[in-house]
1. From the residues in region 258-286 that are in contact with a Ser or Thr (Cβ under 8 Å, 6 or more places away or on another chain) and aliphatic (A, V, I, L, M), which one is surrounded by the most Cβ atoms within 10 Å (Cβ to Cβ)?
2. For residues that are among the polar types (S, T, N, Q) and either under 9 Å from residue 123 (Cα atoms) or without any contact (Cβ under 8 Å) to a residue 24 or more places away in the chain (or both), tally how many sit in region 145-169.
3. Can you list residue pairs whose Cβ atoms sit under 7 Å apart, with the first residue in region 377-401 being at positive phi and the second being surrounded by fewer than 24 Cβ atoms within 10 Å (Cβ to Cβ) and modelled with pLDDT under 95? Count only pairs 6 or more apart in sequence or on different chains.
4. Of the residues in region 434-450, how many are under 18 Å from residue 211 (Cα atoms) and not in a helix (DSSP H, G or I)?
5. For region 309-344, how many residues meet the condition of being within 21 Å of the chain's Cα centre (by Cα) and either modelled with pLDDT under 95 or outside any helix (DSSP H, G or I) (or both)?
6. Of the residues 207, 183, which is buried (at least 16 other Cβ atoms within 10 Å of the Cβ), in a loop (DSSP other than H, G, I, E, B) and over 24 Å from the mean Cα position of the chain (by Cα)?
7. Output the qualifying pairs, or none if there are none: Cβ atoms under 7 angstrom, residues six or more apart or on different chains, first residue in region 357-372 and not assigned by TED's automatic domain parsing to the domain that holds residue 263, second residue part of a helix (DSSP H, G or I) and surrounded by fewer than 19 Cβ atoms within 10 Å (Cβ to Cβ).
8. So, in region 210-226, of the ones that are out of contact with any Gly (no Cβ under 8 Å at 6 or more places or on another chain) and part of a loop (DSSP other than H, G, I, E, B), which residue ends up nearest to residue 474 (Cα to Cα)?
Amino acid sequence: MSSTPPRSGHTGVIERIAGIVGPQGLITDVRDMEPYVVDWRDIYRGATPAVVRPVNTEQVAAVVKICAETQTPVVPQGGNTGMCGASVPHADGREIVLSLARMNRILEVDALNNTATVEAGCVLANVQQAAAETDRLFPLSLGAEGSCQIGGNLSTNAGGVNVLRYGNTRDLVLGMEVVLPDGRIWNGLRGLRKDNTGYDLKHLFIGAEGTLGIITAAVLKLFPRPKSSATAWTAVPHPEAAVELLSLLRQHCGDRITAFELISHNCLDLVLRHIPGTRDPLSAVHEWYVLTDLGDSREGNALRNELEQALAAAMERELVTDAVVAGSQTQAQALWRIRETIPEAARAETGMLYRHDIAVAVSRVPAFISEAQAALEQRFPGVNVICFGHLGDGNLHYNAFVAGRNRNDAAARDAHDVTEVVYDIVQRYQGSFSAEHGIGLYKVEDMKRYKSVVEIELMRMLKRALDPHNLMNPGKVL
C-alpha cells in the first residue's frame, strides 16, 4: 500500500513502524491517505507522513514507544466523524495518524453481567447489534453510528439521543485499556460496578480526545432490551410548553422516556427541502415540535396507551396543539429520520452555517433560545437560526446561517462573531459551549475565553504529567 516515499526526517521512524505493523498496516501514498487527513465536514485538512493501522494493543504500544523515543507526535483516529477536527493532523506533516479501524473485534458479550468488551475500532452500530443478539441494549445512539467507532465515542464522551435515560458515554463504561504516551499499557478492562480502589483512572481518558493516551478497548454497560416502544411527533406552541410537556410526561410515564428532542420549524423545512422521501408528519405548519421516544420492558400496547393519555392531558393544558403517535416501527423510523437528517440537510444549503453545540439547565432553555434569537437578529439581520437538540438534558444544537456569507469564503469560515454572541449568552446562563462534540481544533480558543484559569491549569498539569513531551494529539483541547 506504500508507493509515495515518506517525508524527509521520518524515513527511519516509518521503517521501524513498518517492521511492527507490516505492509497492510501502513499507508504512505498521498491518495490513499486522503480520507485520514480531512474531516467529514471538509473544514480541516492536514498532512501526515504515514497512516499506521495496527491490529492489536501490542502493536499500538510498540508504535507509540517508537514515537516516544523519536519525539514523533501521534494523532489517534477512530471513524473520523468528529465535528471539531480532533482526529485530523496539522498541516505541517509532522504527526503520524494512528487509525484504530482494524482493531474492531467484539471480544466478549457477558449477558449475565450486562457487559460487552470491545476493541476501540468497533463501529458503534456493530456494538449495538452484538448486544441485540443477546437480547441486550447498548443505548448510545447518534447519527453517525454506522461509521463512528467506540474509541472516538469514548474520546469525545459522545452524547446522542438517549442521554436522558442512559447518560453520556462516560456513564456507559465500566473498564478500559489504554496505551500511554510512553508506550506502556494500562489494562483496566474490569466489568465491575463497584471498585473503590483509588482514583478512577478511566475518566481521565474519556473526553480527553486522545491527548492523554490511546484507548484500545473498553468494557461497556448493557441493559435489558426494551420489549415495547412508543414514538410521538408533537407540535408545541413554544419552548416553554416543551419543557412543561417533559415534566408532564415524566409524571405519566416515569423514567421510561428515552429521548425528548426539540425541533424548530426551520429544521423541518430544511429536511423537507433537501432529504428525499421525507414529509411533514402533521397537516399544518407549526413553529416548534417535540419528538419523544419511550421504551419499556413490558410487551404489548400499554406504553403506547400511556403516551396517548399523557398527550391528551397535555392538549387539555394547551401544551400540545397537534400530535401523531407512530403506529408501527416503520412510522417511528420515518419520524426519527427527520431528526437525524437535519445536519445532512443543513450541509446541502449553500450558505455558511455556524454550529454551536451548547448546554444550559433544562429549565433555562426557553429563556436562552429567546435571548439568543433576539441577539443574533439584532447583530445579523436576516439570520436563519437552526435550533434542535436534546431538550431532555439541556443540550441544543443552536446553529445559524448568516445572510450574505458563503462557506467557500475563508473570511466567513474563520469569523467568530456569530459564535461569540451565542457563547457569551451561554456563559451568562452558566452553561457549556461544548455539550457533546468536544473541543478539538475548533474550540481551543474558546477554552481560553470561557474556562476558568484554575480549570485550564489543572488540565495542563494532567497533560504535563501524562504526556510531558506533548506527543499525543498536540494542539487539540489545550
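1. Among those that are in contact with a Ser or Thr (Cβ under 8 Å, 6 or more places away or on another chain) and aliphatic (A, V, I, L, M), it is 259.
2. First, pick out the residues of region 145-169 that are among the polar types (S, T, N, Q): 147, 149, 153, 155-157, 162, 168-169.
Narrowing the set further to residues that are either under 9 Å from residue 123 (Cα atoms) or without any contact (Cβ under 8 Å) to a residue 24 or more places away in the chain (or both) leaves 147, 149.
Residues that pass the stated criteria total 2.
3. Going by the 7 Å Cβ cut-off, the qualifying pairs are 382/403.
4. Of region 434-450, the ones under 18 Å from residue 211 (Cα atoms) are 434, 436-448.
If we keep only those that are not in a helix (DSSP H, G or I) as well, we get 434, 436-443.
The total comes to 9.
5. Final tally of qualifying residues: 4.
6. Within the list 207, 183, the selection yields 183.
7. Pairs that qualify, where the first residue is not assigned by TED's automatic domain parsing to the domain that holds residue 263 and the partner is part of a helix (DSSP H, G or I) and surrounded by fewer than 19 Cβ atoms within 10 Å (Cβ to Cβ), are 366/240.
8. Residue satisfying both the conditions and the ranking: 211.
The values are calculated or read from the model by the stated rules, or taken from the named source; none is laboratory data. Quick caveat: nothing in here was measured; it's all calculated off a predicted structure. Note that each Cβ is placed from the backbone with ideal geometry, even for glycine, and that neighbours are counted across all protein chains shown.
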